[in-house]
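Encoded as structure tokens, the structure appears first; notes follow it.
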Amino acid sequence: MAITKLMEEVIGKVKEISEISGYFSFLKKPFVSLAGRLTVMLPFFREMRDFGQDAPRELSEALTSLLKHLEDTRRLLQLGSKGSKIYLVLKREEIREEYEEVVAALEKDLRRVCGGRLDNVSFEVKEYAIIVLRQFERARNGGNIFDAPADHDTMYEELLQFLYKNINDDDWVLDLGSLKGLIDALGLRKAIALQQEYAALNEIAAVTRGSNLENIEKMFMVLDYIKEYLHTEKGSHVDSSPGESYIGAREGIADITNYDNKVIPNEFLCPISLQLMEDPVIISSGQTYERESIQRWLDAGNGTCPKTRQFLTEATLTPNHALRCLIVQWREINRIDAPKAVSTTSYSISAAERKSIMSWIVQLEIGQEHFHLQRHGSGELYQLAKRSAEIREAIGEAGAIPYYSEKH
């Protein structure tokens with residue numbers, strides 16, 4: 001394969017990595033450092049790309065391996081930027097191990113790519129490449145910049161307490177002071193941050209299998225405690241920044257002042273979005289949610305009630321006509337128009353996912369003599385389809401099955 005093609009892919013992947021930002025807490029220093037080292041290599045990759053000749057087998061294999069590990073790096077950095085904060089704190093050792101594995105793999109790949117070729121690039125680019133290789137070597141040989149600060153250790157211990165204490169024990173008492181500190185440390189006081197945390201944890205749950213799913217359920221439990229605290233404590237405890245709802249007050253009343261400073265009855269709020277419901281529906285656990293919010297929860301592959309954590313016996317959404325009438329009546333009395341669409345984190349289909357969809361569909365179309373490939377393709381499509389309605393629509397549009405709107 002021409003070196004130009006491979007280098008273009010490498011350059012594109014490094015650019016994606018360089019654009020990731022907003023890392024959480026203790027991950028910021030190591031993740032920014034890793035992304036920075038790779039970005040410094042861009043001039044080297046560009047000069048190598050401009051050679052234009054065919055890549056020898058050794059270089060082609062090295063670049064192919066580098067592309068794989070760059071994608072692993074991108075996923076890891078994206079998790080540190082957009083992932084669930086509760087997950088990042090509790091899984092910090094696993095993340096540290098994955099970071100170290102990625103650093104070691106990248107150093108090996110870069111040495112293979114640079115080997116014997118540094119004299120082919122300009123002097124300045126050569127110097128930069130040598131410096132980066134030395135930095136990777138130091139990072140691999142104990143140059144630890146991954147140590148968490150003391151306050152992060154406290155946050156980790158408090159989360160472990162919530163996760164593994166038996167809340168049914170008579171001697172277990174919820175420490176509201178610790179919970180309040182945890183909320184502030186995680187940055188989950190604002191309603192929009194809480195929504196984003198639920199969405200991020202949902203995405204992790206959608207791809208989690210086996211025993212790990214139980215740990216994710218416990219993380220949802222911690223998040224439920226946080227949400228309940230924000231619901232039941234006074235509004236003075238909650239950030240009420242302009243343009244964002246804030247949560248507070250006693251049982252039965254929520255001080256959410258999005259609607260002309262009117263106090264909204266707690267039962268009118270969706271437990272997921274924390275917004276005034278427009279189309280309330282009942283699920284099999286007996287709980288009521290806004291239709292769009294609970295549908296996104298189910299589309300992410302979740303089979304439990306977000307509030308009670310009960311397993312759902314069916315996915316039917318039954319309109320709560322009585323509650324909807326009460327909400328309409330309350331809006332009319334308070335002269336409040338129907339709520340605007342709530343902005344939530346939606347699932348965006350990546351180019352890689354679309355490419356995967358097409359490759360699995362190709363397997364479905366081969367002859368019956370390759371039945372095992374057909375079965376494998378259908379299984380992969382099934383797993384993809386569980387992630388979101390958007391992916392199911394993309395599968396239908398690609399020709400696998402006719403797509404019908406979920407509204408019908």
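The values are calculated or read from the model by the stated rules, or taken from the named source; none is laboratory data. The structure presented is a predicted model; accordingly, all values stated were derived computationally and were not measured. We place every Cβ from the backbone using ideal geometry, glycine too, and count neighbours over all the protein chains shown. Remember, those area values only see protein heavy atoms, side chains included, never the ligands or the DNA or RNA. Shrake-Rupley method; radii C 1.70, N 1.55, O 1.52, S 1.80 Å.
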Confirm whether Val103 is assigned to a helix (DSSP H, G or I), modelled with pLDDT under 90 and either open to solvent by less than 30 Å² (accessible area, probe 1.4 Å) or among the hydrophobic types (A, V, I, L, M, F, W, C) (or both). no
Going through region 7-22 in order, the residues found to be under 17 Å from the mean Cα position of the chain (by Cα), in contact (Cβ under 8 Å) with a residue 24 or more places away in the chain and open to solvent by 40 Å² or more (accessible area, probe 1.4 Å) are Glu16, Ser21, Gly22
Considering only region 163-215, how many residues are modelled with pLDDT of 70 or more, open to solvent by less than 40 Å² (accessible area, probe 1.4 Å) and part of a helix (DSSP H, G or I)? 20
Which of the residues that make up region 272-287 are surrounded by 22 or more Cβ atoms within 10 Å (Cβ to Cβ) and either out of contact with any Ser or Thr (no Cβ under 8 Å at 6 or more places or on another chain) or among the polar types (S, T, N, Q) (or both)? Ser273, Gln275, Leu276
Test of understanding: among Ser81, Ser60, Ser25, which residue is open to solvent by 10 Å² or more (accessible area, probe 1.4 Å), among the small types (Gly, Ala, Ser), closer than 29 Å to Tyr156 by Cα and at pLDDT below 90? Ser25
Residue check: is Arg74 touching an Asp or Glu at 6+ places or on another chain (Cβ under 9 Å), part of a helix (DSSP H, G or I), basic (Lys, Arg) and in contact (Cβ under 8 Å) with a residue 24 or more places away in the chain? yes
Here is a check on your reading of the model: is Ser60 in contact (Cβ under 8 Å) with a residue 40 or more places away in the chain, hydroxyl-bearing (Ser, Thr, Tyr) and farther than 19 Å from Gly22 by Cβ? yes
Only one of Glu16, Glu61 is part of a helix (DSSP H, G or I) and within 15 Å of Cys114 (Cα to Cα); which? Glu61
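For every residue, the table says whether it meets (1) out of contact with any Leu (no Cβ under 7 Å at 6 or more places or on another chain); (2) modelled with pLDDT under 80; (3) assigned to a loop (DSSP other than H, G, I, E, B).
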residue: Val281; (1), (2), (3): no, no, no
residue: Thr308; (1), (2), (3): yes, yes, yes
residue: Leu323; (1), (2), (3): yes, no, no
residue: Val342; (1), (2), (3): yes, yes, yes
residue: Ile349; (1), (2), (3): yes, yes, yes
residue: His372; (1), (2), (3): yes, yes, no
Is there a residue in region 34-45 that is modelled with pLDDT under 90, more than 27 Å from the chain's Cα centre (by Cα) and either more than 19 Å from Ser18 (Cα to Cα) or buried (at least 16 other Cβ atoms within 10 Å of the Cβ) (or both)? no
What are the residues in region 106-121 that are surrounded by fewer than 21 Cβ atoms within 10 Å (Cβ to Cβ), assigned to a helix (DSSP H, G or I) and of a type outside the set (Asp, Glu), if any? Lys108, Arg111, Arg112, Cys114, Leu118, Asn120
Please work out if Leu230 is at pLDDT below 80 and under 20 Å from Glu290 (Cα atoms). yes
